[in-house]
Amino acid sequence: MTPSRTVTSRRTLLKLGAGAAPLAAQSAPAQTLPAPRGTLTIDRVKVYVTPMLPQSRFGSPNFSSLEDPKRWRWLGPFSQLAGSIVVEIGTKQGISGFGMGGGGEAGALIVEKHLRDFLIGSDPLRVELLWDQMYSSTLYYGRRGVAIMALSGVDLALWDLIGRFHGQPVYQLLGGPVRTKVPAYYTGTDVDLAMRSGFQAVKIPIGRGLRDGREGMKRTESELLRFRERIGADRSLMIDANCLWDVPYTLEMLERLRPLKLAFLEEPLSPDDVLGYAELCRAAGATRIASGEHEYTRHGYRMLLHHKAVDILQPDLTWCGGLTEIRRVAAMASAANLPVVPHRGGSAYALHLILATPNCPLAESFGIGEPENELMAAVSSRFEDGHYLATDKPGFGHSLSAGLLEKHARTGGG
């Protein structure tokens, strides 16, 4: 005989909760909470458009014809580090924070003309509430892309401010470090530099795709064979296809490159082709499929996880929703037993998530092998012998300042 089961409605639960509060108050002794250190009120928001790499690093608009392959590779002024912005949030109490975002002038305009409305006069310590309000308010034109890139910069500035207020590195606010140094992999083609720097893993960016035909496929295979020979069998080799392939092309390339024993293949398809990624994950064999650098918020990553369309998640904290949101993504990935390897993990912003998150085992190089400049140096983490090291400085531990940003900003914001 099946025992009867009492079903408690939501209304009943609310009544029970309402009735329990006075009883608890009568039976438990009064407790005095420690006094807060003080309140904070935001009185200043400024945006700096600060390209950390030149636009020429991401293609050229000088096309020779309507079919010129460069048309598919010109990323424009709003993406990647050519479109980086820095948001400064200040308070009446004199504490400020700086957060890196994206979207160039377009992202800066969203901060100045919309997100700023939620910040002036608000308490920056209520970062979860502010994130939810800003995300909800941009739904009709946001959800992905430039709006979330702008929101990311604001969110990171708030976390930086909170860390400075408490005098703690951000990773301490996340529960403390699970590690104090993180093994890193190098992204680029200067593998001699990578080996001298102590990297045990190398990722090669690929610039050829469907429009380069089978000859391009052969050239890519030949070049990667040479890279494998140079780094040796003991270092891990990965490749980034930069969203230039489709499913059949990728499967053929994986077969061609099987002798190289690739650790992972990054972003072979358009980020919108979630079902294609799911097909690759089923068919790729020993090579894991990495993606998510150009996905946004937990809602986008939920679809990747739901369709089993990713083996390694690669969110970029400065684009994908900031620290507030990517913490949720990391928890979702952990529940699916998947690693999170943030894009540009060696930046001052991403490293704190990695230090405090058990399923973040690896950091991508940031700035190493790129043209040196003051801005990138200011947001880079300490690096030694193939590892990024934790900082004890408050906030994100960067060395940004209003003076440095004014010096390098292409345009300012109010």
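The values are calculated or read from the model by the stated rules, or taken from the named source; none is laboratory data. Quick caveat, the model's predicted, so the values are computed rather than measured. No Cβ is skipped: glycine too gets one built from the backbone with ideal geometry, and neighbour counts run over all protein chains shown.
Descriptive notes on the structure:
- Candidates GLY198, GLY175, filtered to the one that is modelled with pLDDT of 95 or more, surrounded by 14 or more Cβ atoms within 10 Å (Cβ to Cβ), of a type in the set (Gly, Ala, Ser) and part of a loop (DSSP other than H, G, I, E, B): GLY198
- Filtered residues of segment 370-389 (kept if farther than 22 Å from LEU156 by Cα, among the charged types (D, E, K, R) and at pLDDT 95 or above): GLU384, ASP385
- Condition met for GLY207 (under 19 Å from GLU252 (Cβ atoms) and either part of a strand (DSSP E or B) or free of Cβ contacts under 8 Å to residues at least 60 places away in the same chain (or both)): no
- The residues of segment 132-165 that are on the phi > 0 side of the Ramachandran plot and more than 14 Å from the chain's Cα centre (by Cα) amount to a single one, ARG143.
- When GLY107 is tested against (1) in contact with a Leu (Cβ under 8 Å, 6 or more places away or on another chain); (2) under 17 Å from TYR48 (Cα atoms), exactly one condition is not met: (1).
- In the set (1) at pLDDT below 95; (2) within 30 Å of TRP131 (Cα to Cα); (3) of a type outside the set (Val, Ile, Thr), GLY209 fails one condition alone, (2).
- Lone qualifier among GLY403, GLY346, GLY321, GLY395 - being within 23 Å of TYR48 (Cβ to Cβ) and surrounded by fewer than 23 Cβ atoms within 10 Å (Cβ to Cβ): GLY403
Condition check ((1) in a helix (DSSP H, G or I); (2) surrounded by 14 or more Cβ atoms within 10 Å (Cβ to Cβ); (3) more than 27 Å from the chain's Cα centre (by Cα); (4) not assigned by TED's automatic domain parsing to the domain that holds ALA184) across all residues:
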site	(1), (2), (3), (4)
ARG226	yes, no, yes, no
LEU237	no, yes, no, no
TRP245	no, yes, no, no
TYR249	yes, yes, yes, no
GLU255	yes, no, yes, no
LEU269	no, yes, no, no
ASP272	no, no, no, no
ALA278	yes, yes, no, no
ARG282	yes, no, no, no
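- Matching residues in segment 57-68 - criterion: being part of a helix (DSSP H, G or I) and farther than 23 Å from LEU109 by Cα: ARG57
- Subset of segment 194-248 (residues that are closer than 23 Å to HIS387 by Cβ and among the hydrophobic types (A, V, I, L, M, F, W, C)): ALA194, MET195, PHE199, ALA201, VAL202, ILE204, PHE227, ILE231, ALA233, LEU237, MET238, ILE239
The rows are residues; the columns are (1) in a helix (DSSP H, G or I); (2) among the aromatic types (Phe, Trp, Tyr); (3) in contact with a strand residue (DSSP E or B) (Cβ under 8 Å, 6 or more places away or on another chain).
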position: VAL87; (1), (2), (3): no, no, yes
position: HIS114; (1), (2), (3): yes, no, no
position: SER122; (1), (2), (3): no, no, yes
position: ARG144; (1), (2), (3): no, no, no
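- The residue list ARG344, ARG302 contains one member that is among the basic types (Lys, Arg), outside any loop (DSSP other than H, G, I, E, B) and in contact with a helix residue (DSSP H, G or I) (Cβ under 9 Å, 6 or more places away or on another chain), which is ARG302.
- Cβ-Cβ distances below 9 Å connect the following pairs, each with a first residue in segment 158-186 that is in contact (Cβ under 8 Å) with a residue 24 or more places away in the chain and over 24 Å from SER401 (Cα atoms), a second residue that is among the β-branched types (Val, Ile, Thr) and in a strand (DSSP E or B), and a separation of six or more residues or different chains: TYR185/VAL202; TYR186/VAL202.
- Checking every residue in segment 358-365 against the condition of being assigned to a loop (DSSP other than H, G, I, E, B), surrounded by fewer than 21 Cβ atoms within 10 Å (Cβ to Cβ), at negative phi and under 14 Å from the mean Cα position of the chain (by Cα) gives at least one match.
For every residue, the table says whether it meets (1) buried (at least 22 other Cβ atoms within 10 Å of the Cβ); (2) basic (Lys, Arg); (3) more than 30 Å from ARG208 (Cα to Cα).
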position: TRP72; (1), (2), (3): no, no, no
position: LYS113; (1), (2), (3): no, yes, yes
position: THR138; (1), (2), (3): no, no, yes
position: LEU156; (1), (2), (3): yes, no, yes
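- Residue match in segment 378-398 (condition: over 11 Å from the mean Cα position of the chain (by Cα) and either part of a helix (DSSP H, G or I) or closer than 23 Å to THR250 by Cβ (or both)): yes
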